[in-house]
Amino acid sequence: MKGAMEKDVYARARSAMVETQIIARGIKQKEVIEAMLAVPRHLFVDEGLKSQAYGDYPLPIDEGQTISQPFMVAYMTESLKLKGGEKVLEIGTGSGYQAAVLSLIASRVFSIERVTSVAIKARRLLDTLHYSKVIIKIDDGTLGWPEEAPFDAIIVTAASPEIPPVYMQQLAEGGRLLIPVGGEFVQDLVRVTRRQGRILRESLGGCRFVKLIGRYGWQAANNG
Ligand code: SAH
């Protein structure tokens with residue numbers, strides 16, 4: 001009984017979140033709204049933070065990392081312009097929440113996480129919740145996933161001083177790359193589209209992400 005009531009409380013918090021933070025701020029894509037309504041965000045945060053899971057802010061997860069604010073997850077997902085059936089690469093699995101959302105739209109989500117314990121925890125949770133379209137690898141994501149390339153969409157959920165060159169090489173024709181580019185504390189969310197040999201670069205606004213640490217991101221020594 002307690003379980004059922006608890007589930008109900010979170011489902012209500014989740015619809016309120018979608019109404020006030022997602023739809024009210026202009027997210028229109030039906031698939032994105034449905035995915036945000038479906039994924040139980042409270043299970044992707046620590047037990048003690050469950051009651052804040054549907055709040056309008058990012059939350060800490062393990063190893064000094066963060067799960068993005070709900071709006072940012074929805075905004076980035078919509079900005080990838082997925083129609084369904086795509087092969088997506090995510091860098092920075094973190095809690096696995098963004099990957100779960102993406103997997104309800106795309107056909108497969110390949111997600112790379114550099115911190116082993118973080119990746120293992122996400123894998124367990126995604127297995128428990130049956131998000132079987134997410135494939136996780138523990139590695140330096142700044143190298144991409146050459147064996148699985150090309151990807152229709154690449155989403156980087158950690159900030160980089162510049163765009164690691166391999167992402168452009170691993171992007172399919174017509175593909176979209178989304179990456180926060182800039183300094184340590186504030187970045188510009190950049191979308192790069194590859195079309196007929198041309199590269200279109202757009203700025204989607206300011207954002208703040210934890211560091212992308214690796215060969216083509218920040219150096220591990222600067223990991224604060
Ligand atoms: N998308 C996540 C949030 C990511 S936080 C979610 O929905 O919860 C950023 C993550 O990127 C952290 O877990 C961090 O360990 C990871 N990360 C940083 N540099 C990386 C790299 N080079 N390759 C893969 N993962 C990286």
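What is the Cα convex hull volume of the chain when expressed per residue in Å³?
Per residue, the Cα convex hull of the chain comes to 116 Å³.
Considering the Cα trace of region 1-71, what is its radius of gyration and what is Dmax, both in angstroms?
Here Rg and the maximum Cα pair distance are 12.5, 37 Å.
For the chain, with the dipole built from +1 on Lys and Arg beta-carbon atoms and -1 on Asp and Glu ones, taken about the Cα centre, which of V156, S117, T77 lies farthest toward the positive end?
Value computed over the given set: T77.
What order do you get for 91-99, 20-28, 144-152 when each peptide is scored by the mean count of other beta carbon atoms within 10 Å, highest first?
Descending packing order for the listed peptides: 91-99, 144-152, 20-28.
Helix-derived [θ] at 222 nm for the chain: sum -39500 (n - 2.57) over DSSP H runs of at least 4, divide by residue count, nearest 500?
-8000 deg cm²/dmol
Kindly rank 199-208, 125-134 from highest to lowest mean number of other beta carbons found within 10 Å of each residue. Before the final figure, lay out each step's value.
On the way: 199-208: 12.5, 125-134: 15.7.
Peptide ranking by packing, descending: 125-134, 199-208.
Using the Kirkwood radius over Cα pairs, work out the Stokes-Einstein diffusion coefficient for region 95-218 at 20 °C and 1.002 mPa s, in µm²/s as a whole number.
Answer from the Stokes-Einstein relation: 143 µm²/s.
On C-alpha positions alone, give me the angle between the axis of helix 2-17 and the longest principal axis of the chain, in degrees, nearest 10.
Here the helix axis deviates by roughly 50 degrees.
For region 1-120, what is the charge dipole size about the Cα centre, in debye to the nearest 20, if Lys and Arg each add +1 at the Cβ and Asp and Glu each add -1 at the Cβ?
Computed about the Cα centre, the dipole is about 380 debye.
For an R0 of 22 angstrom, estimate the FRET efficiency from the Cβ-Cβ distance between Q52 and M5 and round to the nearest 0.05.
Efficiency, rounded to the nearest 0.05: 0.70.
Return the ratio Rg/(2.2 N^0.38 Å) for region 162-203, where Rg is computed over Cα atoms only.
1.18
No value in this document is a laboratory result; all are computed from the given coordinates. Computed from a predicted structure; not experimentally measured. Note that we place each Cβ from the backbone using ideal geometry, even for glycine, and neighbour counts take in every protein chain shown.
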